[in-house]
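Enquirer: After the structure tokens below, expect a handful of questions from me.
Where a number appears in this text, it was derived from the coordinates with a stated rule and is not lab data. Being a predicted model, the structure only gives us computed values, none of them experimental. Glycine gets a Cβ as well: all are built from the backbone with ideal geometry, and neighbour counts include every protein chain shown.
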Amino acid sequence: MENKKIMVTFGIVIAALIATIAIGSIALQRHYNHVILQELIDGANERGLEYRVVLDTDLRGNFSFEIIDEQEK
């Protein structure tokens, strides 16, 4: 019986560790997406471009973006 409790506790600890790693990975990925987008916007501002940003977000919080040069239209 004592051995079973140890196994259950070990399983819970492993599951919590996996969940923590997954949540941290998603948060880090979202942070880098925002950093990349900000760099692109800053670059467009430095060049004096008029632009609009189109974002497409999925359920995990990842997004794709496209900067469209308004001067070409």
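Enquirer: Check residue 51: other-chain or 5+ apart residues with amide H under 5 Å from its amide H, H built from backbone geometry?
Expert: Hits under the 5 Å cutoff: 70.
Enquirer: I want to check the label-to-label distance for residue 28 and residue 1. Put each point 7 Å from Cα in the C-beta direction and report it in nm to one decimal.
Expert: Here the modelled spin labels are 4.3 nm apart.
Enquirer: Can you tell me the length gained on complete extension of the stretch residue 21 to residue 52, counting 0.36 nm per residue apart and subtracting the Cα distance? If you can, show how the numbers build up before the last one.
Expert: Values: separation 31, 0.36 × 31 = 11.16 nm, distance 3.49 nm.
Between residue 21 and residue 52, full extension yields 7.7 nm more.
Enquirer: For labels at residue 40 and residue 8 in the simple 7 Å Cα→Cβ model, what's the distance in nm?
Expert: Between residue 40 and residue 8, the simple spin-label model gives 5.0 nm.
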